Amino acid sequence: MKKMFVLIASLLIVLTGCINSESEKTTGGKTKSGDLVLPAFSVQSPDIQDYDNNDLTKLIEKKFNVEIKWTLSPEEGALEKQQLLMASGNYPAIFFGGDFNQNDQVKFGKNGAFIPLNDLIEEHAPNIKTAFKQKPYYEKGVTAPDGNIYALPGLEECYHCDYSQKMYINVKWLEKLGLNMPATTEELETVLKAFKENDPNGNGKQDEIPLTGAIKAWHGEPNGFLMNAFIYDNEMDYFSMENGKVDFVANKPEWKQGLEYISRLYDQGLIDPQAFTQQEEGLNKLNNNPGDVIVGAFTNGCCTPTVEKDGRWTEYEVVPPLKGPKGVQFAAYYGGGVGNASFAITDKATKEQQIAAIKIVDYLFSKEGSLDAMYGPKEVGWFDPKEGEFGINGKPALYNAIEPWQREDKDKRSVTWENGLKYTPREIFEARAQNQDITKPDGYEVYLSKMTDRMSSYKPIETFPISIWLDPEKAQQIAQMRTDINTYVQINTVQFITGQKDINKDWDDYVKGFNGLGLSDYLSAYQKAYDNMYK
């Protein structure tokens with residue numbers, strides 16, 4: 001215990017020293033050239049080695065006559081460092097790459113550490129105001145219950161991410177066996193049986209895995225996609241919405257029916273047992289098997305890098321949402337939300353620093369600034385399109401670009417900050433030039449878009465918002481209840497599917513178990529939060 005105290009005290013001293021050494025800058029000092037100094041904290045991306053001589057930093061400093069003095073933290077341990085800074089009181093004037101959830105924003109807003117941004121946005125940030133008008137959900141998502149905006153996240157609309165709960169199937173195997181793309185739960189069962197029994201890879205062995213997946217992957221467990229043929233399941237909160245009323249799905253008879261179907265597939269050896277134990281590395285290993293192709297279908301948000309060996313990913317296509325025995329046919333939807341905030345101005349900032357900081361972020365919310373933030377400055381990371389180039393959306397491209405991670409020389413990747421602080425609506429994201437041939441690596445984003453077209457028309461009429469402001473007095477309690485309830489659902493789901501629990505004998509006890517977890521109060525808290533935000 002004594003050693004831990006000494007360690008924490010030492011960290012606080014180090015952090016205090018880091019900030020105090022910049023004290024004259026924190027109070028609004030200027031460099032010899034007259035540039036305004038902005039002390040700022042950011043998480044450091046592993047791809048970006050240099051922030052001081054970074055191309056985006058240099059562009060911003062020149063454009064706004066500032067000098068940014070970075071306090072950086074590697075991704076691992078960054079949240080702890082941020083918390084120590086805030087706890088010590090020796091935090092910088094600006095956070096350009098922080099990680100503040102809604103509870104943090106309210107807490108630091110109420111204690112005065114974060115200044116409200118409302119007036120600064122109104123007076124100095126026309127691009128942010130435009131973003132609010134274009135995407136009303138963004139403004140709702142950043143406005144605390146007291147009406148103040150204490151911090152801002154970036155916003156990147158990604159069409160294929162909005163429908164990332166996908167199943168990919170080997171269409172070469174379908175063609176070889178004379179099978180159509182499955183459209184119903186019954187048809188999928190027939191296809192998976194054929195994959196298991198009819199040697200679609202042609203090696204004379206029964207080594208085919210009909211359907212697999214992974215835990216701790218991007219929607220990697222098969223049950224989420226399959227359950228949407230029985231009842232809506234986004235695997236995040238297990239909420240459904242109807243006429244503005246939130247309900248819970250994982251205790252309904254339809255959920256039980258979905259478990260019975262998935263369990264039947266599992267019992268027949270059509271679902272890989274490893275799908276509920278292996279992580280993404282294990283799934284990748286199966287999909288990239290050095291010999292014959294052995295995977296018939298898998299669940300994951302993206303096809304690559306899950307499948308990348310020798311262009312093998314082109315053999316897989318997305319299965320449209322399956323229609324269940326009662327006609328249910330949903331695609332899980334993850335759009336319309338905002339993440340944790342990365343930008344905040346603290347009470348250490350002078351008025352001049354406040355205005356400079358909000359103007360910088362406002363620039364990053366312009367079209368040009370957003371591209372600078374995503375790829376690096378023009379002619380470094382993004383370029384005007386060539387004649388005849390088309391975007392991801394199939395329309396004439398507005399720009400072409402190189403992702404920082406695509407640069408083979410790591411020393412040349414320091415062209416941007418990679419902290420998410422930008423505004424990239426779908427119309428900008430999809431305007432990037434792409435090869436329209438979806439079998440080519442540089443046509444992969446077009447491939448993802450076309451695959452997602454198979455999903456988007458099956459979004460429910462209403463879904464519970466991804467971002468919601470809870471009662472600050474109860475937010476921590478509700479967050480713990482959410483963890484407990486989600487864990488309970490996830491553990492029992494796997495147990496029912498794999499036969500560790502009997503769906504008929506143990507179902508009633510499972511449903512009763514939600515009473516002890518406070519499900520009724522939990523739903524009431526989210527209903528109240530929804531009503532406060534949207535009614």
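Data overview
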{"item": "Any hit, the stretch 509-525, residues being among the polar types (S, T, N, Q) and in contact (Cβ under 8 Å) with a residue 40 or more places away in the chain", "result": "no"}
{"item": "Test result for D409, at pLDDT below 95 and open to solvent by 10 Å² or more (accessible area, probe 1.4 Å)", "result": "yes"}
{"item": "Evaluation of N435 against (1) touching a helix residue (DSSP H, G or I) at 6+ places or on another chain (Cβ under 7 Å); (2) more than 28 Å from V319 (Cβ to Cβ) (one fails), failing number", "result": "(2)"}
{"item": "Every residue from the stretch 268-290 that is assigned to a loop (DSSP other than H, G, I, E, B) and free of Cβ contacts under 8 Å to residues at least 40 places away in the same chain", "result": "N288, N289, P290"}
{"item": "Residues within the stretch 153-172 that are out of contact with any helix residue (DSSP H, G or I) (no Cβ under 6 Å at 6 or more places or on another chain) and either buried (at least 17 other Cβ atoms within 10 Å of the Cβ) or closer than 19 Å to S457 by Cβ (or both), tallied", "result": "10"}
{"item": "Residue under evaluation A297, criteria (1) in a loop (DSSP other than H, G, I, E, B); (2) buried (at least 19 other Cβ atoms within 10 Å of the Cβ), criterion not met", "result": "(1)"}
{"item": "Unmet requirement for A40, which otherwise passes all of (1) at pLDDT below 95; (2) in contact with a Phe, Trp or Tyr (Cβ under 8 Å, 6 or more places away or on another chain)", "result": "(1)"}
{"item": "Spans of helices (runs of 4 or more DSSP H) in the stretch 43-112 with at least 1 residues of a type in the set (V, I, T)", "result": "55-64, 102-110"}
{"item": "Count - residues of the stretch 360-383 that are closer than 18 Å to L155 by Cβ and touching a residue at least 24 places away in the same chain (Cβ under 8 Å)", "result": "15"}
{"item": "Matching entry among I360, I355, I345 (being open to solvent by 10 Å² or more (accessible area, probe 1.4 Å) and among the aliphatic types (A, V, I, L, M))", "result": "I355"}
{"item": "Exclusive hit being in a loop (DSSP other than H, G, I, E, B), of a type outside the set (A, V, I, L, M), modelled with pLDDT under 95 and open to solvent by less than 20 Å² (accessible area, probe 1.4 Å), set G339, G335", "result": "G335"}
{"item": "Counted residues, the stretch 128-159 - those being in a loop (DSSP other than H, G, I, E, B), under 18 Å from G98 (Cα atoms) and acidic (D, E)", "result": "0"}
{"item": "Some residue of the stretch 423-433 being at pLDDT 95 or above, aliphatic (A, V, I, L, M) and assigned to a loop (DSSP other than H, G, I, E, B)", "result": "yes"}
{"item": "Residue in the stretch 384-402 that is most open to solvent (accessible area, probe 1.4 Å), counting only those that are touching a residue at least 40 places away in the same chain (Cβ under 8 Å) and of a type in the set (G, A, S)", "result": "G394"}
{"item": "Failed item in (1) touching a strand residue (DSSP E or B) at 6+ places or on another chain (Cβ under 9 Å); (2) buried (at least 22 other Cβ atoms within 10 Å of the Cβ), with D247 passing the rest", "result": "(2)"}
{"item": "Every pair of residues 6+ apart whose Cβ atoms lie under 9 Å, when the first sits in the stretch 304-321 and is more than 16 Å from P290 (Cβ to Cβ) and of a type in the set (F, W, Y) while the second is at pLDDT 80 or above and part of a helix (DSSP H, G or I)", "result": "Y316/V171; Y316/K172; Y316/N287"}
{"item": "Qualifying helices (runs of 4 or more DSSP H) (wholly inside the stretch 463-535; at least 2 residues being of a type in the set (D, E))", "result": "503-516, 519-534"}
{"item": "Residue under evaluation Y488, criteria (1) modelled with pLDDT under 95; (2) buried (at least 17 other Cβ atoms within 10 Å of the Cβ), criterion not met", "result": "(1)"}
{"item": "L79 being open to solvent by 40 Å² or more (accessible area, probe 1.4 Å), closer than 23 Å to Q353 by Cα and at pLDDT below 95", "result": "no"}
{"item": "Test for D471: is it more than 25 Å from K110 (Cα to Cα) and not hydrophobic (A, V, I, L, M, F, W, C)", "result": "no"}
{"item": "Test set (1) over 25 Å from T424 (Cβ atoms); (2) in a helix (DSSP H, G or I) - L179 fails condition number", "result": "(2)"}
{"item": "Selection within the stretch 188-229 - part of a loop (DSSP other than H, G, I, E, B) and open to solvent by less than 20 Å² (accessible area, probe 1.4 Å)", "result": "P200, E208, G213, A214, G220, N228, A229"}
{"item": "Selection count, the stretch 342-374, where residues are assigned to a helix (DSSP H, G or I) and either farther than 22 Å from Q44 by Cβ or in contact with a strand residue (DSSP E or B) (Cβ under 9 Å, 6 or more places away or on another chain) (or both)", "result": "21"}
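Quick grid of which residues meet (1) within 25 Å of E157 (Cα to Cα); (2) crowded, with 19+ Cβ neighbours inside 10 Å; (3) in contact (Cβ under 8 Å) with a residue 24 or more places away in the chain; (4) in contact with a Lys or Arg (Cβ under 6 Å, 6 or more places away or on another chain):
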site: S88; (1), (2), (3), (4): no, no, yes, no
site: G98; (1), (2), (3), (4): yes, yes, yes, no
site: N111; (1), (2), (3), (4): no, no, no, no
site: E122; (1), (2), (3), (4): yes, no, no, no
site: K133; (1), (2), (3), (4): yes, no, no, no
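Yes or no, residue by residue, for (1) touching a strand residue (DSSP E or B) at 6+ places or on another chain (Cβ under 6 Å); (2) among the charged types (D, E, K, R); (3) exposed (fewer than 15 other Cβ atoms within 10 Å of the Cβ):
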{"position": "R432", "(1), (2), (3)": "yes, yes, no"}
{"position": "D437", "(1), (2), (3)": "no, yes, yes"}
{"position": "E445", "(1), (2), (3)": "no, yes, no"}
{"position": "L448", "(1), (2), (3)": "no, no, no"}
{"position": "T452", "(1), (2), (3)": "no, no, no"}
{"position": "A475", "(1), (2), (3)": "no, no, no"}
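The values are calculated or read from the model by the stated rules, or taken from the named source; none is laboratory data. Since we're looking at a predicted model, the values are computed, not measured. Neighbour counts run over all protein chains shown; Cβ positions are idealised from the backbone, glycine included. For accessibility, only protein heavy atoms count, side chains too; no ligands or nucleic acids. Shrake-Rupley method; radii C 1.70, N 1.55, O 1.52, S 1.80 Å.
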